[in-house]
Every structure is written in structure tokens, then in C-alpha cells.
């Protein structure tokens, strides 16, 4: 990936801002850490006669075709559409530029992101705050899924089938050495053999969990990171959220007492399911199967990270530790399938 020229980027941003607000300027760029599919910056938008505004800039990688998860304008589209729905919290999209590479600008929403059972931070939220956040996330998911793709304006999107999702993660596994995650093929075969019937598709975030949301204290202020959104089976996003109430994977051998305390506030899966059903009532068939498939997806994703990490002269210790958890992830997937097939409570 070629390096982005910041001066050129600033000039493009100022030109785009001036078209909407004559005389507007964009001042400075601060790179946000992380990000693989796009580059993310914070900057200040100065508009004549209005207060200055802190904004976020998402830019497609230089030199790579802006498709799939790199298609930042596709991300902007769904964020803009969701922003027009009552009760759905997303950042406001302010500007778009279709140049090379494409980019868009959105408001910088107040709040912090934190995954209660995985992350480490100097100032983690209190357990009761984590509890409120998780319940809010479950209800927000129900609100989004109550909006049909046609109502939202994405009814023209192809629907990703359950088998296509499974095959996607299988393809990832096919690129890694066998010793990285033994036993994954058996779980894939088991999932394929018991694939449930589809239900009406909804919008899917693709990585719906607390770390991809912003919270101001207990209040959910925005759902972020829409790189892999699609339309598909709503149980996928629900199961992904439920999986993070008791993840089998980890990236640290130890977390400090304050992070452990924060994690203790994470409600169990059945509580979040009840919160979800309070706004989207009805039976959710085969949800255990989807929870098992989420563990397969998790294992495939981490396995690819481990493969890449092995090639580095200075491997990331978090990824190394994550690789150590892969066996447990696959075992958990099988345990859930055992419970489903035996008619036992897979939530316990």
C-alpha cells in the first residue's frame, strides 16, 4: 500500500468543504491507530460564521482498488441511510469525495469504545455501566433489524447466504498452515451438515459488538466501523453480540483488576437475548447454530492474523497469545453444537 500524501489530502478536504460551506477550511490531520481496510484521521473543520467542528476522515488505501471492505463510499452510504432512521445512532456524514482515493468525512461523536471481556484500558467503565451498555446494544440491534432492507434503501444489495458465509471463512482457513488451528475442518463439516433454513434478511453490521460502538458513559452515541456491512441472516449479528458475553478467544494472559471488574458487568447471553426480544419479539430458531458458526468465524479470522504475524521480524505478542486460544475456540464451537443436537440449553 502506497503512502498517502497528507498535503494533497488536506487540499482535497478543504476543496470539498469549501463547496458545501464557502470559505471553509480543514486544519491538520491526526492519524487514528489501527485500520486495515481504510485510513482514518481526525481533523478540525473551520466554517465561517459557525463553530469549529471536530470530524473524522475515512480514506481508501492508496493504490488499491476501493472495493469490498475498502469501499469507503459504500460505508458512507449505509451510515447516511441509517442516520435518517429514528432511534438509530450513527455518526453524521458531512462530505464525500469520489476522487482517488475516495474518502468521506463524518462528525466525531463523543464516546469511547471498549470490549469488556477482551480489552485493556487505563480507565475502564464500571460494571454497572458495562451492563447498561450491553443491554442498549442488544436493543439497538433489534431496532436496526426491524427496518427492512427495502425500507432502509439497500433492498438492491445481494443477500449473503449462510453457506456463502461459511465458505468465506473456510477460504481463509485454506490459506493458513494446518498446525495453526487443528480441527477447524471438522467444525465446518458439522455446521454445513446442519445448516438451518434462512429467514428474512436484514442489514448486517458484520462485527456487531461493544468495541464497535461509542458510549458516553452509559449512553450509546454511535455504531461505528461499517466496513463489512451486508444484507443477510439477522441471527448472524445477534449471535456475534451474544458470543462476546463469554468469548473463548483472548489476546492477553492477564488483565488488570479494573478491567476484570469491568468485564464482570457484562450480562449473560440470555439477558441480552431478552433485551433484543423486547423490541423484536418472536422465536429465534437455530440461534445456537449461529453461535457455533461465530466461533468458526472467529477462529478463521485469528488464524489469518497468526499466519501474517509469523512472517514478521517482530511479531505482535497480542496476536501470538490470540493464536494460543484457537483450540479453545474450536472446542467451544463443538460444545455448542453438542448442546444443540442434544436439545440442551446452549446458552449455559
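The values are calculated or read from the model by the stated rules, or taken from the named source; none is laboratory data. What you are looking at is a predicted structure, and each value in this text was computed from that prediction instead of being measured. Cβ: placed from backbone, ideal geometry, glycine included. Neighbour counts: every protein chain shown.
On the basis of being out of contact with any strand residue (DSSP E or B) (no Cβ under 9 Å at 6 or more places or on another chain) and either more than 22 Å from residue 269 (Cα to Cα) or surrounded by 17 or more Cβ atoms within 10 Å (Cβ to Cβ) (or both), does residue 216 make the cut?
Details: out of contact with any strand residue (DSSP E or B) (no Cβ under 9 Å at 6 or more places or on another chain): no; either more than 22 Å from residue 269 (Cα to Cα) or surrounded by 17 or more Cβ atoms within 10 Å (Cβ to Cβ) (or both): yes.
Answer is no for this residue.
For region 116-129, give me the residue count where each residue is within 16 Å of the chain's Cα centre (by Cα) and either crowded, with 18+ Cβ neighbours inside 10 Å or within 17 Å of residue 43 (Cα to Cα) (or both).
Start the filter on region 116-129 by keeping residues that are within 16 Å of the chain's Cα centre (by Cα), which leaves 116-119.
If we keep only those that are either crowded, with 18+ Cβ neighbours inside 10 Å or within 17 Å of residue 43 (Cα to Cα) (or both) as well, we get 116-118.
Result for region 116-129: 3.
Residues being within 24 Å of residue 151 (Cα to Cα) and surrounded by fewer than 17 Cβ atoms within 10 Å (Cβ to Cβ): count how many of those fall in region 190-206. Talk me through it step by step, then tell me what you get.
Within region 190-206, the first condition is being within 24 Å of residue 151 (Cα to Cα), and the residues that meet it are 197-206.
Filter once more, keeping what is surrounded by fewer than 17 Cβ atoms within 10 Å (Cβ to Cβ): 197-200.
Total satisfying the criteria: 4.
Is it true that residue 139 is over 30 Å from residue 286 (Cα atoms) and part of a helix (DSSP H, G or I)? Give the steps one after another, and end with the answer.
On the way: over 30 Å from residue 286 (Cα atoms): no; part of a helix (DSSP H, G or I): yes.
The answer is no for residue 139.
Looking at region 287-294, is at least one residue assigned to a helix (DSSP H, G or I), surrounded by fewer than 17 Cβ atoms within 10 Å (Cβ to Cβ) and modelled with pLDDT of 95 or more? Walk me through it before giving the result.
From region 287-294, those assigned to a helix (DSSP H, G or I) are 287-294; that's our starting set.
Still in the running and surrounded by fewer than 17 Cβ atoms within 10 Å (Cβ to Cβ): none.
No, region 287-294 has no match at all.
Quick check on my filter: what residues within region 180-211 are over 18 Å from the mean Cα position of the chain (by Cα) and in a helix (DSSP H, G or I)? Even if it seems obvious, please write down each step before you answer.
Here is the first cut: in region 180-211, the ones over 18 Å from the mean Cα position of the chain (by Cα) are 180-201.
Scanning region 180-211 gives 184, 185, 186, 187, 188, 189, 190, 191, 192, 193.
Is it true that residue 304 is over 21 Å from the mean Cα position of the chain (by Cα), under 23 Å from residue 333 (Cα atoms), surrounded by fewer than 20 Cβ atoms within 10 Å (Cβ to Cβ) and at pLDDT 95 or above? Walk me through it before giving the result.
Values: over 21 Å from the mean Cα position of the chain (by Cα): no; under 23 Å from residue 333 (Cα atoms): yes; surrounded by fewer than 20 Cβ atoms within 10 Å (Cβ to Cβ): yes; at pLDDT 95 or above: yes.
When the stated conditions are applied, residue 304 does not pass them.
Okay, residues lined up against (1) on the phi < 0 side of the Ramachandran plot; (2) touching a residue at least 12 places away in the same chain (Cβ under 8 Å); (3) surrounded by fewer than 16 Cβ atoms within 10 Å (Cβ to Cβ):
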{"position": "30", "(1), (2), (3)": "yes, yes, yes"}
{"position": "41", "(1), (2), (3)": "yes, yes, no"}
{"position": "47", "(1), (2), (3)": "yes, yes, no"}
{"position": "60", "(1), (2), (3)": "yes, yes, no"}
{"position": "67", "(1), (2), (3)": "yes, no, yes"}
{"position": "76", "(1), (2), (3)": "yes, yes, no"}
{"position": "91", "(1), (2), (3)": "yes, yes, no"}
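I need a count of the residues in region 158-179 that are surrounded by fewer than 18 Cβ atoms within 10 Å (Cβ to Cβ) and in a loop (DSSP other than H, G, I, E, B).
Going through region 158-179 one residue at a time, the tally reaches 7.
When the residues of region 48-87 are narrowed to those that are assigned to a loop (DSSP other than H, G, I, E, B) and in contact with a strand residue (DSSP E or B) (Cβ under 8 Å, 6 or more places away or on another chain), which ends up farthest from residue 215 (Cα to Cα)?
Initial filter on region 48-87 (assigned to a loop (DSSP other than H, G, I, E, B)): 48-52, 60-61, 63-67, 71, 84-87.
Narrowing further to those that are in contact with a strand residue (DSSP E or B) (Cβ under 8 Å, 6 or more places away or on another chain): 52, 60-61, 63.
Values: 52: 22, 60: 26, 61: 28, 63: 34 Å.
In this case the residue turns out to be 63.
Every residue in region 40-79 that is within 17 Å of residue 11 (Cα to Cα) and under 17 Å from the mean Cα position of the chain (by Cα), please.
Within region 40-79, 40, 58 meet the criteria.
Of the numbered conditions (1) in the same structural domain as residue 220 (by TED's automatic domain parsing); (2) modelled with pLDDT under 95, residue 131 fails exactly one; give the number of that condition.
(2)
So for region 264-284 (the condition being within 13 Å of residue 119 (Cβ to Cβ) and crowded, with 22+ Cβ neighbours inside 10 Å), does at least one residue qualify?
Yes - at least one qualifying residue is present in region 264-284.
Of the residues 247, 267, which is farther than 18 Å from residue 299 by Cβ and in a loop (DSSP other than H, G, I, E, B)? Steps first, please.
Numbers: 247 fails: farther than 18 Å from residue 299 by Cβ.
Just a single option satisfies the conditions, and that option is 267.
When you scan region 309-344, how many residues do you find that are assigned to a loop (DSSP other than H, G, I, E, B), touching a helix residue (DSSP H, G or I) at 6+ places or on another chain (Cβ under 7 Å) and either more than 17 Å from residue 180 (Cα to Cα) or not assigned by TED's automatic domain parsing to the domain that holds residue 268 (or both)? Spell out how you get there, then give the answer.
Filtering region 309-344 for residues assigned to a loop (DSSP other than H, G, I, E, B) gives 311-316, 325, 343-344.
Of the ones still in play, those that are also touching a helix residue (DSSP H, G or I) at 6+ places or on another chain (Cβ under 7 Å) are 315-316.
With the extra rule that they be either more than 17 Å from residue 180 (Cα to Cα) or not assigned by TED's automatic domain parsing to the domain that holds residue 268 (or both), the set shrinks to none.
Of the residues in that region, 0 qualify.
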